[in-house]
Amino acid sequence: MQLSTRHLLGIKNLTKEDISLILSTAEQFKEVLQRPVKKVPSLRDVTIVNLFYENSTRTRFSFELAEKRLSADTINFAASSSSASKGETLLDTVNNILSMKVDMVVMRHSASGAPHFLAQHIPAAIINAGDGINEHPTQGLLDAFSIKEKTGTLEGRKVAIIGDIMHSRVAQSNIYLLKKMGAEVTVCGPPTLIPKYISGALGVNVNYNLKETLEWCDVANVLRIQLERQNQVLFSSLREYSLAYGINRNLLDSLHKEIVIMHPGPINRGVEIDSDVADSKQSIILQQVENGVAVRMAVLYLLSGRKD
Amino acid sequence: MKTILTEPQLFESTHSLAKKLSDAHPDLNDVVFVGIQQGGVVVGNDIVLAIQQINRAQKVQYGQLDITFYRDDIRKEILTPDTMNIPFAIENKTVVLIDDVLFTGRTIKAALDVLLDYGRPAKVELCVLVDRKEHRQFPIQADYVGVTVETKKDDKVKLINKEVVLIAR
């Protein structure tokens, strides 16, 4: 089996079979990560550049570790410390890097569609590590992997995505993926942070009431309030947001069942999620991070073979 | 298509290999058995079952190993990995690798690479059902062999429906 695509630009253009293949391959890589030697030689003839035009801790480390665990050669690029700050265009930067015989590009950019643009102009395989407010496909995949690992299946699973849906590429990738795999999705947050088109265009339920949403779901994926992406005031204060949409222990204890809590990080403790929830047994936040490496290894491995 | 081992002959071979292994390793605490995906696991399942029948006092330790991520021809085609399951420590143990067909030796070389990522075994032995001796590309020989057959390089030798067959090209 092979993926139907030579780039991973988003979940939107993956098939259900692609997603299943990535998730099942990731299971085998997760086994690799439990071994005394957590490394396989699969990509020892492959060179990968990590092109980060936007800040990242988790995703960049996770990709870098995945690459090293696959024995690939890696180079890292951070826009702030490069010639991009001297005015070099994206395409020029990438073509210069590729002339040094690089096979794959992992890329994060603040402009939605930047990796799609690049894919049309360069021969290397491109993996989107987050583009603007569009998609963050490997986060969607690792979230799905974690849900499947914890609860056994995605089919029919009720997943709530809570918080800033408007600015969230994580939400978008999660919705595309969960819908393709047969899960039910409800988005929940203040009306100002939920786009009007979302229920029609993406086929999700919208509920502005947090308690009702939590009562409905099996899994709650709590998103970060993205202060850096808000040019306008969409809710009056963090304190007010936290009162209406923050997940706390009392709220979870008032439910009639135990739900699984997820968060893509970084956490704003005390805003969208309280510490005693984030650090509780219900939370799989750190498993998500662990699974991220295995899922990214699967993506890199499956895309590495196609040097066409 | 030519049959190399019929179903009764395959049964006979498997049991004779199990007997040899059992004689060589009377104490099953110091030895672990590892089948190589996929054919080696099919053969390994039967061999391990037979060893267990010979030595009922001790439990056979048996795992499955997949070489997909270690193939030296990985760039030709990206293959989907099989399940890897080594549920015991191999440190200072004797590991008996089991495969269906020994041909170029490249699979065994990759399997040795995988094995060493799990620890440092005291000794590694190789048990194969069919040996295509004249086609070796690495200095690798089996310690326990079911049958040795003469084949052409382009032939395929496969375990299909409890028979070992040769498919000529």
Options B:VAL42, B:VAL101: the member that is in a helix (DSSP H, G or I) and either of a type in the set (A, V, I, L, M, F, W, C) or in contact with a Leu (Cβ under 6 Å, 6 or more places away or on another chain) (or both): B:VAL42
Single condition B:ASP72 does not satisfy, out of (1) more than 19 Å from B:ASN161 (Cα to Cα); (2) modelled with pLDDT of 95 or more; (3) in contact with a helix residue (DSSP H, G or I) (Cβ under 8 Å, 6 or more places away or on another chain): (2)
Matching option when the condition is in a loop (DSSP other than H, G, I, E, B), of a type outside the set (S, T, N, Q) and free of Cβ contacts under 8 Å to residues at least 24 places away in the same chain, among B:ARG56, B:ARG120: B:ARG56
Residue list for region A:96-126, filter: in contact with a strand residue (DSSP E or B) (Cβ under 7 Å, 6 or more places away or on another chain) and more than 22 Å from A:GLY10 (Cα to Cα): A:ILE97, A:LYS101
Checklist (1) modelled with pLDDT of 95 or more; (2) among the polar types (S, T, N, Q); (3) surrounded by fewer than 16 Cβ atoms within 10 Å (Cβ to Cβ) applied to A:ASN231, failing item: (1)
Pick from region B:63-78, criterion aliphatic (A, V, I, L, M) and part of a loop (DSSP other than H, G, I, E, B), ranking: farthest from the other protein chains (Cβ to nearest Cβ): B:ILE67
Enumeration of residues in region A:69-95 that are at pLDDT 90 or above, out of contact with any strand residue (DSSP E or B) (no Cβ under 7 Å at 6 or more places or on another chain) and buried (at least 17 other Cβ atoms within 10 Å of the Cβ): A:ARG69, A:LEU70
Boolean, B:LEU97 is within 12 Å of the chain's Cα centre (by Cα), within 13 Å of chain A (Cβ to nearest Cβ) and under 29 Å from B:LYS162 (Cβ atoms): no
Selection status of B:PHE103, surrounded by 14 or more Cβ atoms within 10 Å (Cβ to Cβ), in contact with a Lys or Arg (Cβ under 6 Å, 6 or more places away or on another chain), away from every other protein chain (no Cβ under 14 Å) and of a type in the set (Phe, Trp, Tyr): yes
Helices (runs of 4 or more DSSP H) lying entirely in region A:133-225 (those with 1 or more residues that are free of Cβ contacts under 8 Å to residues at least 40 places away in the same chain): A:169-180, A:198-202, A:210-216
Subset of region B:128-169 [at pLDDT 95 or above, touching a Gly at 6+ places or on another chain (Cβ under 9 Å) and assigned to a strand (DSSP E or B)]: B:VAL128, B:LEU129, B:VAL130, B:ASP131
All positions within region A:278-308 that are surrounded by fewer than 22 Cβ atoms within 10 Å (Cβ to Cβ), in a helix (DSSP H, G or I) and more than 14 Å from chain B (Cβ to nearest Cβ): A:ALA278, A:ILE285, A:LEU286, A:GLN287, A:VAL289, A:GLU290
Test: residue in region B:79-90 that is in contact with a Gly (Cβ under 6 Å, 6 or more places away or on another chain), surrounded by fewer than 20 Cβ atoms within 10 Å (Cβ to Cβ), in a strand (DSSP E or B) and within 14 Å of chain A (Cβ to nearest Cβ): yes
Any chance A:VAL46 is modelled with pLDDT of 90 or more, under 24 Å from B:ILE74 (Cα atoms) and touching a helix residue (DSSP H, G or I) at 6+ places or on another chain (Cβ under 7 Å): yes
Extreme residue, surrounded by the most Cβ atoms within 10 Å (Cβ to Cβ), among residues of region B:1-25 that are within 22 Å of B:ALA57 (Cβ to Cβ) and either polar (S, T, N, Q) or at pLDDT below 95 (or both): B:THR14
Options A:SER275, A:SER254, A:SER280: the member that is in contact (Cβ under 8 Å) with a residue 12 or more places away in the chain and closer than 16 Å to A:VAL222 by Cβ: A:SER280
Helices (runs of 4 or more DSSP H) completely within region A:1-118 that count 1 or more residues being within 14 Å of chain B (Cβ to nearest Cβ): A:16-32, A:58-69
Residue in region A:253-269 that is out of contact with any Cys (no Cβ under 9 Å at 6 or more places or on another chain) and assigned to a helix (DSSP H, G or I) present: yes
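The values are calculated or read from the model by the stated rules, or taken from the named source; none is laboratory data. Owing to the predicted nature of the structure, the values given are computational and were not obtained by experimental measurement. Glycine gets a Cβ as well: all are built from the backbone with ideal geometry, and neighbour counts include every protein chain shown.
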